[in-house]
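Derivation of every value follows stated rules applied to the coordinates shown; laboratory data play no part. This one's a predicted model, so the numbers in the text were calculated from it and none came from an experiment. Every residue, glycine as well, gets a Cβ built from its backbone with ideal geometry; the counts of neighbours run over all protein chains shown.
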Amino acid sequence: MSPVIALLRAVNVGGRTVKSAQLREVAESLGHTQVTTYVNSGNIVLVPSGAASAVGPGLTAALVAELGFDVPVITRSLAQWDAVVERLPFPDEASSDPSHLVLYCWDGAPGSTDFDPAPYGRETVAFAGHETYAYYPDGIGRSKLTLPVLEKATGRSGTARNWNTVLALQRLARERA
């Protein structure tokens, strides 16, 4: 089986604490193997016990049972993740300033990609498939271009990871292939 990358949305913020060990245990209890987590922001790489398409819904249901609150999970296969990395529209920024480059992963194809980031600052945005790439030259911390703004623009629910995390998850998934 090909590895799957699972991204949990909005964990370890606002009192929604999920420990990495807890995530591993939940994933393993579903029969997934070679489970690892990366940093404490809801990143799991695993080899699924069944269909890759069942990983997200299965983890969400198991986490609700374990934690008592809903944790949306967005998944990508290793092949999908490799394609995300390959089609990066900002290669210079990825080399020189990867911590200011963010990947937004959506739960489906955006309903609209007609979005102008100019009112939010100097950010640059590119839509591709079920992802949006954003470069924050002044950093993401004070930017007005936030996940909720992009969710409203796309009509999708999503989660974000910086480029260093994207590459680390790719490496971990490839180690399990």
Which far-off residues, 5 or more places away or on another chain, put their amide H under 5 Å from the one on Thr33, with H placed in the peptide plane? Val47, Ser49
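Would you compute, from DSSP H runs of 4+ residues alone, the mean residue ellipticity of the chain at 222 nm, taking -39500 (n - 2.57) per run and dividing by the full residue count, rounded to the nearest 500?
Mean residue ellipticity, 222 nm, calculated: -9500 deg cm²/dmol.
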Restricting the range 83-177 to trypsin sites (Lys or Arg not before Pro) in coil, as DSSP defines it, with at most 13 other Cβ within 10 Å: Arg87, Arg122, Arg142, Lys144
Within the range 1-56, DSSP-loop trypsin sites (Lys or Arg not before Pro) with at most 12 other C-beta atoms within 10 Å are Lys19
Give me the base-10 log of I(q)/I(0) for the range 82-163 at each q in 0.13, 0.15, 0.23, 0.24 Å⁻¹, Debye formula, one uniform scatterer per Cα, rounded to two decimals. -0.35, -0.47, -1.15, -1.25
Relative contact order of the chain, pairs being alpha-carbon contacts under 8 Å that are 6 or more residues apart, as %: 25 percent
Two pseudo-spin positions, 7 Å from Cα along C-beta at Asp70 and at Asp114, lie apart in nanometres by 2.9 nm
Given +1 on the Cβ of Lys and Arg, -1 on the Cβ of Asp and Glu, and no further charges, what dipole in debye does the range 109-168 carry about its Cα centre, rounded to the nearest 20? 180 debye
Debye equation applied to the C-alpha atoms of the chain, log10 I(q)/I(0) at 0.13, 0.16 Å⁻¹: -0.64, -0.96
Total formal charge among the other residues, if their Cβ is under 14 angstrom from that of His100, Lys/Arg +1 and Asp/Glu -1: -2
What is the dipole size for the range 4-80, taken about its Cα centre, with +1 at each Lys and Arg Cβ and -1 at each Asp and Glu Cβ, in debye to the nearest 20? 180 debye
Once phi for every residue in the range 67-82 is put through the Karplus expression 6.51 cos²θ - 1.76 cosθ + 1.60 (θ = phi - 60°), the whole-Hz ³J(HN,Hα) values, with Gly and Pro written as x, are 9, x, 9, 6, 10, x, 10, 10, 10, 9, 6, 4, 4, 5, 5, 4
